[in-house]
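Asks: My questions will all concern the structure given below.
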Amino acid sequence: MKNSNNITQNFDITELERYLGSIKYTIPTKSIMDLQHKVEEWISMNDCGAIIYGESRTGKTRAIRYISTHLKEKYGTQLPIYTLCATDHISTQKTFYSSLLTAIGHEDAHKGTAVQMRQRIVNRIIVNALDTKYRRAILFVDEAYLLHDKEYLWLIDIYNELNLNDILFTVFLFGTRELKEQKTGYIRAGKKQIVLRFMVNEFEFMGITCKKDAAICLSSMDKPFKIFGYDQSIILSKLFFPEAYKDGLKLYSYVEELWKAFEVVKQQNNIQTDQILMKHFMDTIIYCFRQYGAYNKQLYAPTTEEWIASIIGSGFVISQI
């Protein structure tokens, strides 16, 4: 394996590729930054909930991680933040409360009766939020479209009890477009108690919709970062296309070729989608690194031709067909 960029000799390029595809490497896309602004606005307005919906693989789970990390850095211990990942399961009070106890970090997540479990949830949130200046707690729910009607009602019970203790409980529900349809169904059925608690506000989460979105992502990827076990910062364009980097070319420099390549691929395959999923966008870049960078074919820089091949290699065409 060629090492032309002063990275330590034991550097594992496969490890880096794995890291770039993991949730640990989350770049702020336009949708993530727009959502972060909305979440902070909703929090400042003391809203008690919102739905965030969009296609699968657009980056919603990464958005939860990115935004919750940002909020923790901004508010510290003054704002308890929890994340619950909903699952497809038989709905019982004990199952629901156990998942929520795990989300809030309770050590006895599976013990006791449903009533006892519910009270432990309320008590833990009260303890965490009562002595803070904001007196509130935030819950992010991923894959929220999997929640059942009665689970929303159990969540309302928790909200109401916290409210009686002057604790504002804000719930952000993330999911596919089924979540939006769920809200519409509740409105038609007159289930206002659910909609008015957690679904009044909404945000449609998108992938890459234009060249400007792609440029924002590439600019984010141009920033140096570190991975565990290596002291030296990694600059992706410098690592994979070192000669072009010396000449001043960064990942941002390739946005024209990359966007043109996506347009060509869509046209050639009669693909009508209005967005590129973050899954395919990132896989395209990783494929390009792997095939054409300094550790394989060692091209000076990728052209539209290489980007087209990388888009096809990412699975973008197959997924659309």
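Asks: Does LYS180 meet the test of being touching a Phe, Trp or Tyr at 6+ places or on another chain (Cβ under 6 Å) and basic (Lys, Arg)?
Replies: Details: touching a Phe, Trp or Tyr at 6+ places or on another chain (Cβ under 6 Å): yes; basic (Lys, Arg): yes.
For LYS180, the condition - touching a Phe, Trp or Tyr at 6+ places or on another chain (Cβ under 6 Å) and basic (Lys, Arg) - is met.
Asks: Run down LYS191, LYS211, LYS183, LYS226 and say which single residue is surrounded by fewer than 14 Cβ atoms within 10 Å (Cβ to Cβ) and either closer than 19 Å to TYR145 by Cβ or not hydroxyl-bearing (Ser, Thr, Tyr) (or both). Give the steps one after another, and end with the answer.
Replies: Values: LYS191 fails: surrounded by fewer than 14 Cβ atoms within 10 Å (Cβ to Cβ); LYS211 fails: surrounded by fewer than 14 Cβ atoms within 10 Å (Cβ to Cβ); LYS183 fails: surrounded by fewer than 14 Cβ atoms within 10 Å (Cβ to Cβ).
Unique residue meeting the criteria: LYS226.
Asks: Only one of (1) farther than 30 Å from LEU218 by Cβ; (2) without any contact (Cβ under 8 Å) to a residue 40 or more places away in the chain; (3) surrounded by fewer than 19 Cβ atoms within 10 Å (Cβ to Cβ) fails for ASP12. Which number is that?
Replies: (1)
Asks: Starting from residues that are assigned to a helix (DSSP H, G or I) and aliphatic (A, V, I, L, M), keep the ones in segment 38-66 and report whichever is surrounded by the most Cβ atoms within 10 Å (Cβ to Cβ).
Replies: The initial filter retains those residues of segment 38-66 that are assigned to a helix (DSSP H, G or I), namely 38-44, 60-66.
Restricting the remaining residues to those that are aliphatic (A, V, I, L, M) gives 39, 43, 63-64.
Working: VAL39: 25, ILE43: 19, ALA63: 29, ILE64: 24.
Out of the qualifying residues, it is ALA63.
Asks: Considering only residues of segment 140-170 that are in a loop (DSSP other than H, G, I, E, B) and of a type in the set (D, E, K, R), which is surrounded by the most Cβ atoms within 10 Å (Cβ to Cβ)? Outline the logic, then answer.
Replies: Keep residues of segment 140-170 that are in a loop (DSSP other than H, G, I, E, B), which gives 143, 147-148, 165-167.
Checking which are of a type in the set (D, E, K, R) leaves us with 143, 166.
Details: GLU143: 20, ASP166: 11.
Only one residue tops the list, namely GLU143.
Asks: Also: Have a look at PHE281, PHE240 and point out the one that is under 20 Å from LYS30 (Cα atoms), modelled with pLDDT of 95 or more, outside the structural domain of SER56 (by TED's automatic domain parsing) and of a type in the set (A, V, I, L, M, F, W, C).
Replies: Details: PHE240 fails: under 20 Å from LYS30 (Cα atoms).
Unique residue meeting the criteria: PHE281.
Asks: Return the residues of segment 17-35 that are surrounded by 17 or more Cβ atoms within 10 Å (Cβ to Cβ) and part of a helix (DSSP H, G or I); say none if nothing qualifies. I'd like the intermediate steps shown before the answer.
Replies: Narrowing segment 17-35 to residues surrounded by 17 or more Cβ atoms within 10 Å (Cβ to Cβ): 20, 26-32, 35.
Matches in segment 17-35: LEU20, LYS30, SER31, ILE32, LEU35.
Asks: What are the pairs with Cβ atoms under 8 angstrom where one residue, in segment 139-156, is in contact (Cβ under 8 Å) with a residue 24 or more places away in the chain and on the phi > 0 side of the Ramachandran plot and the other, located anywhere, is of a type in the set (S, T, N, Q) and not in a helix (DSSP H, G or I)? Sequence gap at least six, or different chains.
Replies: The qualifying pairs are GLU143/THR87.
Asks: Something else: Just wondering, is there one or more residues in segment 127-134 that are within 27 Å of the chain's Cα centre (by Cα), surrounded by 21 or more Cβ atoms within 10 Å (Cβ to Cβ), hydrophobic (A, V, I, L, M, F, W, C) and more than 21 Å from ILE51 (Cβ to Cβ)?
Replies: There is at least one residue in segment 127-134 that is within 27 Å of the chain's Cα centre (by Cα), surrounded by 21 or more Cβ atoms within 10 Å (Cβ to Cβ), hydrophobic (A, V, I, L, M, F, W, C) and more than 21 Å from ILE51 (Cβ to Cβ).
Asks: Would you call ALA137 surrounded by 15 or more Cβ atoms within 10 Å (Cβ to Cβ) and at pLDDT below 95?
Replies: Values: surrounded by 15 or more Cβ atoms within 10 Å (Cβ to Cβ): yes; at pLDDT below 95: no.
Considered against the rule, which asks whether it is surrounded by 15 or more Cβ atoms within 10 Å (Cβ to Cβ) and at pLDDT below 95, ALA137 comes out as no.
Asks: Check every one of the helices (runs of 4 or more DSSP H) wholly within segment 252-321 and list those with 1 or more residues that are more than 20 Å from GLU17 (Cβ to Cβ) and touching a helix residue (DSSP H, G or I) at 6+ places or on another chain (Cβ under 8 Å). Before you say what the answer is, go through the steps one by one.
Replies: Working: elements: 255-268, 278-292, 304-313, 316-320.
So the answer is 255-268, 304-313, 316-320.
Asks: Among the numbered criteria (1) surrounded by fewer than 23 Cβ atoms within 10 Å (Cβ to Cβ); (2) within 22 Å of the chain's Cα centre (by Cα), which one does ALA301 miss?
Replies: Evaluating ALA301 over (1) surrounded by fewer than 23 Cβ atoms within 10 Å (Cβ to Cβ); (2) within 22 Å of the chain's Cα centre (by Cα) leaves (2) as the failure.
The values are calculated or read from the model by the stated rules, or taken from the named source; none is laboratory data. Computed from a predicted model, the values in this text were never measured in an experiment. Glycine also receives a Cβ, built like all others from the backbone with ideal geometry; neighbour counts cover every protein chain displayed.
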